[in-house]
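The values are calculated or read from the model by the stated rules, or taken from the named source; none is laboratory data. In this text, all values refer to a predicted model and were calculated from it rather than measured experimentally. Cβ atoms come from the backbone with ideal geometry, glycine included; neighbour counts cover every protein chain shown.
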Ligand SMILES: [Zn+2]
Ligand SMILES: [Zn+2]
């Protein structure tokens, strides 16, 4: 990265910092609570969150799937994944569903601090952070990033990068197709929607690297899987995935 780019990035992130609400605010219920810590979640809200514990699929990370003793649950048993494991601190339900919506669609970029902190704790608990070479957010298409003003996955990746002291790269995994919003689509449509949507720019960049891929939600896994496919095809050693939340397999 050239010095000018890094200066621009710094200015960009400090401009976002100016928009952040005061310390002591819970980012979920927006109430003041002086006991709120760096995750910006008050104890009342924390009680309502569904944290995913050891009782989950060791591959896709979905909670309480049958066959947890095996490598794959009934949801992902017959799927081809290009990542090794996916992790999420939370179930995609209730207030988390609403808060992720606020984060993405209601111009509240600062909520990355809450989600980033929960994701960080999951990575630490799972002890998977040690040999990661690079952190890569799922990219947004230029047009959607311009419309939203920020890439929600990039803010999370940036948080993890600074806390774990692992570099982040946003220049070499690109979204080349402006895809439809995934949450309005069924399972097969989601897969087709993201097919060939991503491209690696510098084919030597990810060679032999272990990558932590960061996205907001893991539903069917179609988006992170398609990113993982192009990363692995460009020579990556391994891809791990972390998202804020994942839905139950129903
Ligand atoms: Zn709260
Ligand atoms: Zn699974």
Would you call residue 63 surrounded by 15 or more Cβ atoms within 10 Å (Cβ to Cβ) and more than 14 Å from the chain's Cα centre (by Cα)?
-> yes
Write out, first by first residue and then by second, each pair whose Cβ atoms fall under 8 Å of each other, whose residues are 6+ apart or on separate chains, and whose first residue, in the stretch 132-154, is closer than 18 Å to residue 216 by Cβ while the second is crowded, with 18+ Cβ neighbours inside 10 Å and modelled with pLDDT under 90.
-> 141/179
Residues of the stretch 150-194 being touching a helix residue (DSSP H, G or I) at 6+ places or on another chain (Cβ under 8 Å) and within 16 Å of residue 113 (Cα to Cα), which ones?
-> 150, 151, 152, 155, 156, 158, 159, 160, 163, 164
Any hit, the stretch 207-220, residues being at pLDDT below 95, within 25 Å of residue 97 (Cα to Cα) and assigned to a loop (DSSP other than H, G, I, E, B) | yes
Would you check which residues across the stretch 30-41 are within 22 Å of the chain's Cα centre (by Cα) and near ligand 1 (Cβ under 8 Å from one of its atoms) and list them?
-> 41
Only one residue in 207, 199 is free of Cβ contacts under 8 Å to residues at least 40 places away in the same chain, within 26 Å of residue 127 (Cβ to Cβ) and either touching a helix residue (DSSP H, G or I) at 6+ places or on another chain (Cβ under 6 Å) or surrounded by fewer than 18 Cβ atoms within 10 Å (Cβ to Cβ) (or both), so which one is that?
-> 207
Give the residues of the stretch 167-182 that are surrounded by 17 or more Cβ atoms within 10 Å (Cβ to Cβ) and within 16 Å of the chain's Cα centre (by Cα), sorted by residue number.
-> 168, 169, 170, 173, 175
Residues being more than 11 Å from ligand 2 (Cβ to nearest atom) and either touching a strand residue (DSSP E or B) at 6+ places or on another chain (Cβ under 9 Å) or assigned to a loop (DSSP other than H, G, I, E, B) (or both) - total across the stretch 29-63 = 21
Enumerate the helices (runs of 4 or more DSSP H) found wholly within the stretch 112-164, keeping only those where 2 or more residues are under 24 Å from residue 40 (Cα atoms).
-> 112-126, 152-164
